[in-house]
Amino acid sequence: MAFQVEFVSPEAILYSGEGTQVIARTRGGGEIAFLAGHEPFIGSLTTSEVRVTESGGNVQSFCVRGGFVSVSGTKVTVLSDQAVASSSLDRDEVMAELAAAEAALAANADDQFAAQDKAWADLRLAILSGSNASAAH
Amino acid sequence: MPGGAERTLRRRIGSVSNTKKITRAMELIAATRVARAQQRARAARPYSEQLTGVIENLAAGGASVDHPLLRQVENAQKVAFVVCAGDRGLAGPFNAAVIRSAEREIQALRNDGGDYVLITVGKKVADYFRFRGFEISESFAGFTDNPSYEDARAVARKVRDLFDSGDVDQVELVYTEFVSIGTQRPVVRRFLPLEDTSTMADAGGGDAEALASYDFEPSPEGVLEDLLPRYVEARLFAALLDSAASEHANRQRAMKAATDNAEELIIKLAREMNRARQASITTEIMEIVAGAESLGDDKGGSGLIELQLAETESV
């Protein structure tokens, strides 16, 4: 059974479609999969990948930098101030951000914002390598 | 000299019509930007609505947390003001109205013995307060006509640093609320501490009771802790977007008024110029008539010259 899936960022609605399964990673709870009719749920997300299985069977992957997932019987909404579709990632851009974050960390190891930036860049790099690898198989 | 006046007027008409062209162009640009700014404000709404929705559910679930952002202080002595207006002028009363409200608030606070911390958004605001000798803690500029979420986050981070560290007890946000295309008004809103969650949920106007049975992960308190900073950013972002739309609407109105005034001025000046030209022609004729008459007196009244004069005048 399909339900409505929406990715909402502060500036726009990034994605809206029908899906049969959403997999996300919540803070403290590990990976959690939502199917139709899941009981109402609100979770705080880690910087991680969110996968949506569309009604047609396609799997859409998104990278989110924290945020929330809100599930009601008929709808899954992902709220994130930074989210990007894995298919539109740009390796050069991510590498540049990673370098900047690492430089900031080298200057000040306690810089929380730089640490978050690095985690965000690491995630996207891992997804980039992962999706390339799966394409090769 | 009469010919000189005509020339001066012609030059002024030229410069006024150039000004009119510029103000007309600015009016049209502002008109398209208002539309775009409104569009962006609309696009930003789902996110803040959803956030408020989560808060509603949390409030209904009975989550309460002792979060720094909710720390209420009786009788705040140290208040931060975030004053948002524009980088550029030529927008009617837009900048002045916000600055006036902010200054009034600051004076009132000082009269009560409080102290202020000033954060300015927009070049015009910073210029004014610096000129008047106010102490500015931090000023942001360069994005007021098209703010991004990143800009809002930068301002929010600064505000939260001040508040979290206990440097200020309260934060007020002064900006222009975009009511409609015809109405924008400067407002002073309490920004921090946030009202407690049930008040926020009520303000959101949602029907929380029907949705009360949510599961929370890691816990209601944990979700709220992640959520509040984002709520602060989203509220600031909404204010910046409102302010940007208001700036463009004000500029459009101001430039329309300027274009209309220029048009009126051109008509008035053209009329004056025609009068000056006519006056100079009349004066010349009078001079010739006077000359002819004095000649005629000498020669004993021949009608010949007068006849020629009459012909020139009718041409």
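What follows is calculated from the coordinates using simple rules that are stated; it is not laboratory data. Keep in mind that what you see is a predicted model, and the values were worked out from it rather than measured. Glycine also receives a Cβ, built like all others from the backbone with ideal geometry; neighbour counts cover every protein chain displayed.
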Next item on the list: Enter the angle in degrees (range 0 to 90, nearest 10) between the Cα long axis of helix A:91-107 and the first principal axis of the Cα atoms of chain A, meaning the one along which they spread out most.
Entry: 50
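Rounded to the nearest 20 debye, what is the charge dipole size of the protein assembly as shown about its Cα centre when +1 sits on each Lys and Arg Cβ and -1 on each Asp and Glu Cβ?
On the way: 47 positive and 65 negative charges, 279 e Å.
So the magnitude is around 1340 debye.
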Margin query: Debye calculation, C-alpha points only, no solvent: report log10 I(q)/I(0) for segment B:1-147 at q = 0.10, 0.12, 0.18 Å⁻¹, in the same order as the q values.
Written below: -0.63, -0.81, -1.15
Item checked: Fluctuation leader among B:Met26, B:Met273, B:Met286 - chain B, Gaussian network, Cα springs under 10 angstrom -> B:Met286
Notebook entry, point to check: Cα-Cα over 27 Å: which of B:Lys123/B:Lys268; B:Lys124/B:Lys158; B:Lys21/B:Lys268?
Noted result: B:Lys123/B:Lys268
Next item on the list: Pop a pseudo-label 7 angstrom from the Cα along the beta-carbon direction at both B:Asn146 and B:Gln39 and give the gap in nm to one decimal.
Entry: 1.2
Notebook entry, point to check: For chain A, modelled as a Gaussian network with Cα springs under 10 Å, which listed residue fluctuates most, A:Glu39, A:Glu97, A:Glu54?
Noted result: A:Glu39
Margin query: Rounded, prolate or oblate for the protein assembly as shown? Axes are the square roots of the Cα gyration tensor eigenvalues, ordered a ≥ b ≥ c, and the cut-off for rounded is a/c under 1.5.
Written below: prolate
Margin query: Testing the spin-label approximation: label points 7 Å from Cα along Cα→Cβ at A:Ser55 and B:Val73. State their distance in nm.
Written below: 5.4
Margin query: Amide H of A:Leu45 versus every other amide H placed in the peptide plane: which residues, excluding those fewer than 5 positions away on the same chain, fall under 5 Å?
Written below: A:Arg27, A:Gly67, A:Phe68, A:Val69
Notebook entry, point to check: Considering every residue in A:6-14, what mean count of other chain Cβ atoms within 10 Å of its Cβ is obtained?
Noted result: 6
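Let me spell out the model: positive unit charges on the Cβ of Lys and Arg, negative unit charges on the Cβ of Asp and Glu, origin at the Cα centre of chain B. What dipole size does that give, in debye rounded to 20? Numbers along the way, then the final one.
Working: 39 positive and 48 negative charges, 252 e Å.
With Lys and Arg at +1 and Asp and Glu at -1, about 1200 debye.
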Item checked: Over chain A, volume per residue of the alpha carbon convex hull, in Å³ -> 116
Margin query: For A:Ala12, what residues show an amide H to amide H distance below 5 Å, using hydrogens built from the backbone and excluding near sequence neighbours?
Written below: none
Notebook entry, point to check: How far, in degrees from 0 to 90, does helix B:94-111 lean away from the longest principal axis of the Cα atoms of chain B, to the nearest 10?
Noted result: 50
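Report the local net charge at A:Ala12: Lys and Arg +1, Asp and Glu -1, summed over other residues whose C-beta lies under 15 Å from its C-beta.
On the way: positive: B:Arg36, B:Arg40, B:Arg42, B:Arg45; negative: A:Glu6, A:Glu11, A:Asp81, B:Glu49, B:Glu150.
Taking every other residue near A:Ala12 into account, the sum is -1.
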Note to self: Between B:Ile22 and B:Thr282, what is 0.36 nm times their sequence separation minus the Cα-Cα distance? Round to one decimal in nm.
What the structure shows: 89.9 nm
Check: For segment A:4-137, what is the charge dipole size about the Cα centre, in debye to the nearest 20, if Lys and Arg each add +1 at the Cβ and Asp and Glu each add -1 at the Cβ?
Finding: 360
Next item on the list: Kindly state, to the nearest 0.05, the FRET efficiency for A:Lys75 paired with B:Asn261, given R0 = 60 Å and r defined as their beta-carbon distance.
Entry: 0.65
Check: Per-residue HN-Hα couplings for segment A:26-39, Karplus 6.51 cos²θ - 1.76 cosθ + 1.60 at θ = phi - 60°, whole Hz, x for Gly and Pro?
Finding: 9, 5, x, x, x, 6, 9, 10, 10, 10, 4, x, 4, 6
Checklist line | Whole-Hz ³J(HN,Hα) from phi, Karplus 6.51 cos²θ - 1.76 cosθ + 1.60, for segment A:51-63, glycine and proline x | finding: 10, 10, 8, 6, 4, x, x, 5, 10, 9, 10, 10, 9
Next item on the list: Report the calculated FRET efficiency for A:Ala115 and B:Arg110 (r = Cβ-Cβ distance, R0 = 45 Å), to the nearest 0.05.
Entry: 0.65
Check: With chain B treated as a Gaussian network of Cα nodes joined by springs under 10 Å, which of B:Val16, B:Val223, B:Val289 yields the largest mean-square fluctuation?
Finding: B:Val289
Note to self: For peptide B:214-223, what's the mean number of Cβ atoms from other chains within 10 Å of each residue's Cβ?
What the structure shows: 6
Notebook entry, point to check: Among B:Ile119, B:Ser219, B:Met286, whose Cα sits farthest toward the positive end of the charge dipole of the protein assembly as shown (+1 at Cβ of Lys/Arg, -1 at Cβ of Asp/Glu, about the Cα centre)?
Noted result: B:Met286
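Averaged over A:43-49, how many beta carbons belonging to a partner chain fall within 10 Å of each residue's beta carbon?
Values: counts 8, 11, 2, 0, 0, 0, 0.
Per residue, the number of nearby Cβ atoms from other chains is 3 on average.
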Checklist line | segment B:88-93 - phi-based ³J(HN,Hα) in whole Hz, Karplus 6.51/-1.76/1.60, Gly and Pro as x | finding: 10, x, 6, 10, x, x
